Every structure is written in C-alpha cells, then in structure tokens.
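Only the coordinates and a few stated rules stand behind these numbers; no lab work does. Values in this document were obtained by computation on a predicted structure and should not be read as measured data. Positions of Cβ are backbone-derived with ideal geometry, glycine not excepted, and every protein chain shown enters the neighbour counts.
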Amino acid sequence: MEENRYKKKYPVITLVLYMGYEKNWKYSNSLLDLLEVDENLKPYVNDYKINIFEIAFLNREKINLFKSDFRMLADYLYQMRTTNTYRGDESNVKHVDEILMLMSAMSGFKNVENIIKVAHERKVSNMKGFFELAEEKGLEKGIELGRTEGLELGRTEGADMVSELNTILAREGNLEKIIKANTDKVYRNELLKKYRLLR
C-alpha cells in the first residue's frame, strides 16, 4: 500500500451516453436515486452525480466536432430525432462491423449480418452505402415474400375454383365431366369460364 501512496490518482467519473432520440433523459442525475438501497444503509453509501450526454439532443455544430465513427452514430440519432428518417453521408467508417451492429441494436434492424457481409464484398465503407444496401436487401426480401405469398394465394384460389367447379358438376350428376375436368387442363379452363368461376 505504501508504494501506491505517492502515485498519481485519477478521478472516477460517472458518465452516461444516452442514445434515446424520442424523448429526453427523464431519470435522476444522482446514482443513489437509481439504486435500490435500504434506508438504513443510505448514509454509508456514496452518491455520485451522473453526467448525462443526450447524444440525439446535441446541436449540429457539436456533432460535427466528433472526428471518429461516433460522429456517424450521433448524426443518426440527431436525424432520427429531428426528421424521423436517416440519410447517411459519404464519410468513411473505420469500424464497419461495430458501427452497423450498434445501429442495428438501436433500430431493431434484423438483417445486419447479411448487410455487413455484402458491404465487405462490395467494399462499401460509408453510411450512405450501408443504408442503400439495407434498402436493396429489404426490397429483395419484400419481393421474395410477395412472390411466396402470391403463389400461396394463387394455389389456394385455384384449389377453391376447382373445388367449386367439381361441386357444380356433381350437382349436375355428370361424373364424366368431373373426371375430364380433373385430367384435361384446357377443358377445365373452358368449364371455369363457362360457369364464371375464373376471375
């Protein structure tokens, strides 16, 4: 203990980087207020002031002072707070994986691993490019989902039409027509049109 007595000491600072952009920090700035401490112990527990930095509520000039990838994160939060949208700029990101994973966690975007992979393949290294990739992947997924749902719906509607046709033909008592309609596609389509089942 004696050897540490004259070494330089450093202060302990409680610092919170608040990443919320929908509303300001609404909690106490006292650490003790945020802890569940028995009333009998409170006189013995040190309280510390929490230094809050509300990143989304910094002004544009302060955000522009950041020189690291953190500036892009601060810019994202600022834009989401002020416009509820984000337009990435063309500044290079040094820590691609980390910044995208953090922004994914904050935004709830699920497909970030795929975006990171494609970003590395295409050598995309700026926020504008990342969000264009995310948009592209989202459109691809939407188109694929639309096709899948369209096929499912088409199959269901087709099966319903054939079932309805078979019911009509069964009521007519024409077993030969039912068999032919189930084996001959052209004939089946003629009957679907005749009975106005083909929409």
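Among Ala56, Leu15, Leu31, which residue has its Cα positioned farthest towards the positive end of the charge dipole of region 13-65, with +1 placed on the Cβ of Lys and Arg, -1 on the Cβ of Asp and Glu, and the dipole taken about the Cα centre?
Ranked along the dipole, the leading option is Ala56.
Skipping prolines and chain starts, which residues have an amide H placed within reach, meaning under 5 Å, of the one on Asp69, given they are 5 or more residues away or on another chain?
Amide H to amide H, under 5 Å and 5 or more residues apart or across chains, Asp69 pairs with Lys94.
At a 10 angstrom cut-off on C-beta neighbours, averaged per residue, how do the peptides 63-73, 4-14 rank from highest to lowest? Walk me through the numbers before you get to the answer.
Details: 63-73: 15.1, 4-14: 7.3.
Ranking the peptides 63-73, 4-14 by packing returns 63-73, 4-14.
Less than 19 Å apart at the alpha-carbon level, and either on another chain or at least 8 residues along: which lysines does that give for Lys117?
List returned: Lys94, Lys128, Lys137, Lys141.
Can you list residues whose amide H is under 5 Å from Thr14's amide H, if they're 5+ apart or on another chain and H is modeled 1.01 Å from N?
For Thr14, the qualifying residues are Asn51.
What percent does the relative contact order of the chain come to when contacts are Cα pairs within less than 8 Å and at least six residues apart?
Working: 154 pairs, mean separation 26.0, N = 199.
Relative contact order for the chain comes out at 13 percent.
Please list, ordered by chain and number, the residues whose modelled amide H lies under 5 Å from the amide H of Leu197; skip anything fewer than 5 residues away on the same chain.
Amide H neighbours of Leu197, under 5 Å, 5+ apart: none.
Pulled fully out, how much extra length does the chain show between Glu190 and Lys7, if you take 0.36 nm times their separation in residues and subtract their Cα-Cα distance? Please list the in-between numbers first.
Details: separation 183, 0.36 × 183 = 65.88 nm, distance 9.58 nm.
Additional length available on full extension: 56.3 nm.
Where in region 1-67 are there GluC sites (Glu not before Pro) that are in a DSSP coil and have at most 15 other Cβ atoms within 10 angstrom of their Cβ? Working shown, then result.
On the way: sites: Glu2, Glu3, Glu22, Glu36, Glu39, Glu54, Glu61; in loops: Glu22, Glu36, Glu39.
Hits after loop and neighbour filter: Glu22, Glu36, Glu39.
Specify the inter-centroid distance of region 166-199 and region 1-80, based on alpha-carbon positions, in whole Å.
Cα centres, region 166-199 to region 1-80: 74 Å.
For the chain, what is the mean residue ellipticity at 222 nm derived from helices alone (per DSSP H run of n ≥ 4: -39500 (n - 2.57); sum divided by total residues; nearest 500 deg cm²/dmol)? Walk me through the numbers on the way to the answer.
On the way: 8 runs with 112 residues, N = 199.
Rounded to the nearest 500, the figure is -18000 deg cm²/dmol.
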